[in-house]
Each structure stands twice: as C-alpha cells, then as structure tokens.
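Written out below as structure tokens is the structure these notes cover.
The values are calculated or read from the model by the stated rules, or taken from the named source; none is laboratory data. Not measured: the values here are computed from a predicted model. Here the Cβ is made from the backbone with ideal geometry for all residues, glycine too, and neighbour counts use every protein chain on show. Surface areas here come from the heavy atoms of the whole protein model, side chains and all, with no ligands, DNA or RNA. Shrake-Rupley method; radii C 1.70, N 1.55, O 1.52, S 1.80 Å.
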Amino acid sequence: MRVSADRDVCVGAGLCALTAPGVFDQDDDGLVAVITPDPDHAQQPAARQAGNLCPSGAVRISE
C-alpha cells in the first residue's frame, strides 16, 4: 500500500489525522501531511478508512 495526498485539494478537515494519526498529520496551515507513505500492515485499515472519510478526496490509497 502507498499513501499520498493532494495538498491543493485538501480542505483541512483533519479526518485523516484523527483516523490514522500514525500515517497522517496536519501542517501549521491545517493541510494534510503524509508522515508514513508506506504504512505497515497494522496501520493499513485506518489509512483506508481515512481515505474513505476524506471530504475533499485529497487522500489517495494505492494497493
């Protein structure tokens, strides 16, 4: 699994960082920051959920 995010699309809702704090964070402007682009097996379910919850579609999950 690879995780990426389009910061140009991000609206700063923060659901990614709340759902998968080991994978995502927010910068000083509140925009998504991917801190673990290659999450381990234990982090993958939360990363997928964060991708599904993202209201702007900024979070991308590729298998």
Within region 1-16, is even one residue in a strand (DSSP E or B), free of Cβ contacts under 8 Å to residues at least 24 places away in the same chain and open to solvent by 60 Å² or more (accessible area, probe 1.4 Å)?
-> no
Being modelled with pLDDT of 95 or more, loosely packed, with under 15 Cβ neighbours inside 10 Å, in a loop (DSSP other than H, G, I, E, B) and not charged (D, E, K, R) narrows P39, P55 down to just P55
When every residue in region 17-30 that is open to solvent by 70 Å² or more (accessible area, probe 1.4 Å) and not in a loop (DSSP other than H, G, I, E, B) is compared, the one farthest from R48 (Cα to Cα) is D25
Within region 31-61, residues being closer than 21 Å to G12 by Cβ and more than 11 Å from the chain's Cα centre (by Cα) number 2
